[in-house]
Protein chains: 2
Amino acid sequence: MPKLVDHEERRRAIIAAAWQIIADRGIDGINMRDLAAEAGYTNGALTHYFSGKDEILQTAFEHVIYSTNLRIAAGVGRRRGHAALRKLCFELMPLTEESTLEARIAVSLWQRAMTDPVMVRVNNLAVADWRTRIAGYWQEAVDVGELPAVNVERGVDLLMTAVIGLQVTAALDPGSLSRKSQLAMLDAALSR
Amino acid sequence: MPKLVDHEERRRAIIAAAWQIIADRGIDGINMRDLAAEAGYTNGALTHYFSGKDEILQTAFEHVIYSTNLRIAAGVGRRRGHAALRKLCFELMPLTEESTLEARIAVSLWQRAMTDPVMVRVNNLAVADWRTRIAGYWQEAVDVGELPAVNVERGVDLLMTAVIGLQVTAALDPGSLSRKSQLAMLDAALSR
């Protein structure tokens with residue numbers, strides 16, 4: 001189905017252009033005309049791929065999560081326990097230029113998710129899924145003695161919430177928390 | 001100076017109306033006409049107090065921080081060490097209806113702060129100030145043996161970042177984290 005693939009690829013290219021505009025100018029900077037120009041389409045051609053700004057923002061948000069999950073799958077691989085837990089967190093934390101861009105997109109779109117039932121559902125399902133995976137790997141690590149036998153649920157709450165907070169810090173005050181500090185924070189969360 | 005006081009009071013009432021609109025409908029729902037109606041002014045009268053939407057959003061953001069700091073001053077009082085640290089965190093965490101509303105405002109406005117130098121500066125100064133106070137109380141608590149002698153800086157990074165993450169959770173998925181879980185998370189962060 002070359003046509004469908006082509007359609008999907010073009011949608012992805014448009015979303016990539018939308019990410020760049022959101023990251024540079026904020027969500028208020030997104031309008032169909034500028035987005036079409038950035039992506040190399042006319043305004044009319046753009047509506048062939050997206051019905052409007054709402055669909056573009058929803059899709060941009062879904063792609064942040066999709067892209068994170070692709071990296072997680074590659075990073076975690078067949079690891080289990082402590083090694084899997086750390087690799088998973090590495091991909092959720094804004095440690096690279098790519099994941100810092102994603103943090104800016106996420107913070108831009110959370111505001112909209114507050115009043116958009118589709119986006120809030122997408123967000124909360126993704127967080128619940130990551131939380132479940134963190135808890136599973138953490139428990140495996142405790143079971144084989146890689147991590148101390150603490151209350152895993154409390155530890156997961158703290159770690160997951162700190163990872164969410166890191167997106168805000170990366171978007172608003174990137175200079176305040178180096179890669180080294182982030183990794184030390186992860187160690188602190190796991191060493192309880 | 002009764003006239004000035006009156007002017008400030010009216011600005012505060014308008015900001016309170018703006019908070020309610022942002023919390024209910026999101027930041028995109030804010031326009032001068034609806035805000036004037038909610039606050040009980042004509043559109044023309046409103047411009048006597050605020051030059052426009054930008055100034056209203058900046059002031060709304062400053063008031064979230066101001067209001068939090070008022071509660072912190074009342075909550076902490078003359079406490080020191082562990083007791084002061086907990087009271088400070090109680091006011092920063094979305095534990096009440098009031099602070100959950102503030103969390104919704106903060107998440108709504110962070111997106112704007114990303115591209116507004118005034119707002120990002122206000123945010124980062126407030127966070128740096130809270131961070132410094134948390135570190136000071138934590139060190140006091142370690143010094144008198146109320147908390148274990150761990151690496152305080154790492155602990156503060158983790159706690160401050162988790163507190164920021166809690167604002168997002170309160171705004172997007174309030175059902176996922178009860179008051180009890182939040183308090184247990186605070187204990188977990190402090191018991192490292």
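The values are calculated or read from the model by the stated rules, or taken from the named source; none is laboratory data. Model, not experiment: these values are computed from the prediction. Please note: Cβ atoms are built from the backbone with ideal geometry, for glycine as well, and neighbour counts cover all protein chains shown. Heavy atoms of the whole protein, side chains included, go into the accessibility calculation; ligands, DNA and RNA do not. Shrake-Rupley method; radii C 1.70, N 1.55, O 1.52, S 1.80 Å.
Going through A:144, A:107, A:150 one at a time, which residue ends up being open to solvent by 30 Å² or more (accessible area, probe 1.4 Å), within 9 Å of chain B (Cβ to nearest Cβ), out of contact with any strand residue (DSSP E or B) (no Cβ under 6 Å at 6 or more places or on another chain) and under 29 Å from residue B:190 (Cα atoms)? Can you show your working first?
On the way: A:144 fails: within 9 Å of chain B (Cβ to nearest Cβ); A:107 fails: open to solvent by 30 Å² or more (accessible area, probe 1.4 Å).
It is A:150.
What are the pairs with Cβ atoms under 7 angstrom where one residue, in region B:41-55, is of a type in the set (Ser, Thr, Tyr) and the other, located anywhere, is open to solvent by 60 Å² or more (accessible area, probe 1.4 Å)? Sequence gap at least six, or different chains.
B:49/B:10
Say we look at region B:67-102 and pick out the residues that are at pLDDT below 95 and within 13 Å of another protein chain (Cβ to nearest Cβ); which of these is surrounded by the fewest Cβ atoms within 10 Å (Cβ to Cβ)?
Looking at the filtered set, the residue picked out is B:100.
Just to check your reading of the model, which residue among B:57, B:95, B:88 is of a type in the set (A, V, I, L, M) and part of a loop (DSSP other than H, G, I, E, B)?
Result of the check over B:57, B:95, B:88: B:95.
Can you tell me which residues in region B:32-84 are in contact with a Leu (Cβ under 7 Å, 6 or more places away or on another chain) and at positive phi?
none
Do we have any residue at all in region A:11-21 that's among the aromatic types (Phe, Trp, Tyr), at pLDDT 95 or above and either part of a helix (DSSP H, G or I) or farther than 30 Å from residue A:137 by Cβ (or both)?
No, region A:11-21 contains no residue that is among the aromatic types (Phe, Trp, Tyr), at pLDDT 95 or above and either part of a helix (DSSP H, G or I) or farther than 30 Å from residue A:137 by Cβ (or both).
For residue B:139, only one of the following conditions fails: (1) more than 13 Å from chain A (Cβ to nearest Cβ); (2) closer than 17 Å to residue A:163 by Cβ; (3) not small (Gly, Ala, Ser). What is its number?
(2)
Sort out which residues of region A:158-181 are assigned to a helix (DSSP H, G or I), among the polar types (S, T, N, Q) and farther than 13 Å from residue A:99 by Cα, and write them in order of number.
A:161, A:176, A:181
Could you check how many residues of region B:113-126 are part of a helix (DSSP H, G or I) and at the interface with chain A (Cβ under 7 Å from one of its Cβ atoms)?
Counting residues in region B:113-126 that are part of a helix (DSSP H, G or I) and at the interface with chain A (Cβ under 7 Å from one of its Cβ atoms) gives 4.
I'm told residue A:19 meets every condition in (1) out of contact with any His (no Cβ under 8 Å at 6 or more places or on another chain); (2) open to solvent by less than 40 Å² (accessible area, probe 1.4 Å) except one. Can you identify the failing condition by its number?
Here residue A:19 clears every test but (1).
Name every residue in region B:1-58 that is under 22 Å from residue B:126 (Cα atoms) and in contact with a Lys or Arg (Cβ under 8 Å, 6 or more places away or on another chain), in order of residue number.
B:22, B:23, B:27, B:57, listed by residue number.
Which condition from (1) under 12 Å from the mean Cα position of the chain (by Cα); (2) in contact (Cβ under 8 Å) with a residue 40 or more places away in the chain is the one that residue B:91 breaks?
The single condition residue B:91 does not satisfy is (2).
Mind checking which residues of region B:170-189 are touching a residue at least 24 places away in the same chain (Cβ under 8 Å) and either within 20 Å of residue A:179 (Cα to Cα) or facing chain A (nearest Cβ under 10 Å) (or both)?
B:171, B:172, B:182, B:186, B:189
Filter region B:42-54 for residues that are closer than 15 Å to residue B:8 by Cα and either in contact with a strand residue (DSSP E or B) (Cβ under 6 Å, 6 or more places away or on another chain) or assigned to a loop (DSSP other than H, G, I, E, B) (or both) and give the result.
Of everything in region B:42-54, those that are closer than 15 Å to residue B:8 by Cα and either in contact with a strand residue (DSSP E or B) (Cβ under 6 Å, 6 or more places away or on another chain) or assigned to a loop (DSSP other than H, G, I, E, B) (or both) turn out to be B:47, B:48, B:49, B:50, B:51.
With respect to residue A:149, determine if the residue is at pLDDT 95 or above and in contact with a helix residue (DSSP H, G or I) (Cβ under 7 Å, 6 or more places away or on another chain).
Judged against the criteria, residue A:149 is not a match.
Please work out which one of (1) touching a residue at least 12 places away in the same chain (Cβ under 8 Å); (2) charged (D, E, K, R); (3) more than 8 Å from chain A (Cβ to nearest Cβ) is the condition residue B:129 fails and give its number.
Evaluating residue B:129 over (1) touching a residue at least 12 places away in the same chain (Cβ under 8 Å); (2) charged (D, E, K, R); (3) more than 8 Å from chain A (Cβ to nearest Cβ) leaves (1) as the failure.
If a residue must be open to solvent by 60 Å² or more (accessible area, probe 1.4 Å) and without any contact (Cβ under 8 Å) to a residue 40 or more places away in the chain, how many such residues does region A:115-126 contain?
Looking only at that region, the number is 4.
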